[in-house]
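What follows is a single structure, written as structure tokens, with notes after it.
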């Protein structure tokens with residue numbers, strides 16, 4: 001008898017919960033309607049393509065499809081780690097990801113703090129527009145500018161080096177410089193655009209905090225350390241977690257446009273290798289396995305980073 005009553009209560013609870021959920025959705029139907037295009041986009045272009053990851057465990061044949069292709073299990077993953085140059089490519093990807101995290105990630109924060117200190121509104125807006133603009137240039141154009149600026153014969157950088165009495169340097173022709181070129185070009189292109197979120201967060205800080213600090217005799221540097229940075233910390237941590245989630249995903253275009261046979265040994269990354277082996281070499285299953293490996297590493301990093309952030313700062317993605 002007690003079990004029947006308990007079962008009846010559970011059914012009643014589910015009915016009430018379902019009714020509450022439907023009423024809640026109907027109450028905010030306009031918001032759900034607005035979000036519908038975004039939901040459809042993610043379903044079609046993000047979740048449905050995940051089904052294609054199954055070919056990483058197959059010897060995929062495009063004429064036989066998913067159902068007719070032969071299953072090979074983890075064969076492609078073993079082949080990936082056995083490849084003679086894979087460890088070097090992975091090392092390049094890890095180093096560039098680490099440099100990007102240490103050097104490029106803080107750049108928008110520093111730039112936002114500097115822009116926030118400007119008091120002349122017209123000058124501030126002009127400067128913001130100037131630093132935003134490179135983001136809207138394609139990587140092909142950025143590479144063209146970089147090649148022109150770093151040219152050993154006509155580049156302004158080498159003209160300055162010669163003016164100092166040194167020999168010109170072929171930056172894109174030496175392995176030791178390609179990583180610096182990639183990180184530097186990334187900072188120049190994207191750091192200005194990355195300041196948008198930080199400037200919005202800075203605008204939300206209560207000005208009374210700064211007034212109280214001035215009364216206590218704190219200078220601008222002390223105010224930045226004690227008020228600005230702690231107020232920015234939640235935003236910084238969320239963006240940091242999102243950044244480490246794509247630690248191995250540096251972007252194909254960003255690197256490929258700067259690669260040549262002279263710097264390939266230090267500049268080749270997983271994305272460019274996937275392009276060459278997958279699209280040019282038609283090794284679809286093999287490169288899908290590499291893509292899954294990248295995604296798995298990103299997932300592990302973001303989970304670890306989320307746990308660490310939740311314990312230290314209280315901020316997390318979920």
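Having 3 or more residues that are out of contact with any strand residue (DSSP E or B) (no Cβ under 8 Å at 6 or more places or on another chain) and surrounded by 14 or more Cβ atoms within 10 Å (Cβ to Cβ) is the bar; report the helices (runs of 4 or more DSSP H) wholly within segment 14-101 that clear it.
75-82, 86-99
Looking at 178, 197, 205 in this structure, which one is part of a helix (DSSP H, G or I), in contact with a helix residue (DSSP H, G or I) (Cβ under 6 Å, 6 or more places away or on another chain), in the same structural domain as residue 243 (by TED's automatic domain parsing) and surrounded by 15 or more Cβ atoms within 10 Å (Cβ to Cβ)? Before the answer, list the steps.
On the way: 197 fails: in contact with a helix residue (DSSP H, G or I) (Cβ under 6 Å, 6 or more places away or on another chain); 205 fails: part of a helix (DSSP H, G or I).
After applying the criteria, what remains is 178.
Here is a check on your reading of the model: is residue 256 buried (at least 19 other Cβ atoms within 10 Å of the Cβ) and at pLDDT 90 or above?
Values: buried (at least 19 other Cβ atoms within 10 Å of the Cβ): no; at pLDDT 90 or above: yes.
Criteria not met by residue 256.
Within segment 230-239, work out how many residues are over 19 Å from residue 305 (Cα atoms) and either outside any helix (DSSP H, G or I) or touching a residue at least 60 places away in the same chain (Cβ under 8 Å) (or both).
Residues in segment 230-239 being over 19 Å from residue 305 (Cα atoms) and either outside any helix (DSSP H, G or I) or touching a residue at least 60 places away in the same chain (Cβ under 8 Å) (or both): 0 in total.
Consider residue 227 carefully, then state whether it is crowded, with 16+ Cβ neighbours inside 10 Å and free of Cβ contacts under 8 Å to residues at least 40 places away in the same chain.
Against the criterion (crowded, with 16+ Cβ neighbours inside 10 Å and free of Cβ contacts under 8 Å to residues at least 40 places away in the same chain), residue 227 qualifies.
Output the residues belonging to segment 259-278 that are touching a helix residue (DSSP H, G or I) at 6+ places or on another chain (Cβ under 6 Å) and either within 16 Å of residue 171 (Cα to Cα) or not in a helix (DSSP H, G or I) (or both).
259, 262, 263, 265, 266, 267, 268, 269, listed by residue number.
Of the residues that make up segment 159-172, is at least one surrounded by 15 or more Cβ atoms within 10 Å (Cβ to Cβ), in contact (Cβ under 8 Å) with a residue 40 or more places away in the chain and part of a helix (DSSP H, G or I)?
Within segment 159-172, one or more residues are surrounded by 15 or more Cβ atoms within 10 Å (Cβ to Cβ), in contact (Cβ under 8 Å) with a residue 40 or more places away in the chain and part of a helix (DSSP H, G or I).
Being surrounded by fewer than 18 Cβ atoms within 10 Å (Cβ to Cβ), within 30 Å of residue 226 (Cβ to Cβ) and assigned by TED's automatic domain parsing to the domain that holds residue 88, is that true of even one residue in segment 132-153?
Looking through segment 132-153, at least one residue is surrounded by fewer than 18 Cβ atoms within 10 Å (Cβ to Cβ), within 30 Å of residue 226 (Cβ to Cβ) and assigned by TED's automatic domain parsing to the domain that holds residue 88.
The values are calculated or read from the model by the stated rules, or taken from the named source; none is laboratory data. Note that the structure is predicted; figures quoted are calculated from it, not measured. Positions of Cβ are generated from backbone atoms using ideal geometry, with glycine treated the same way; all protein chains shown enter the neighbour counts.
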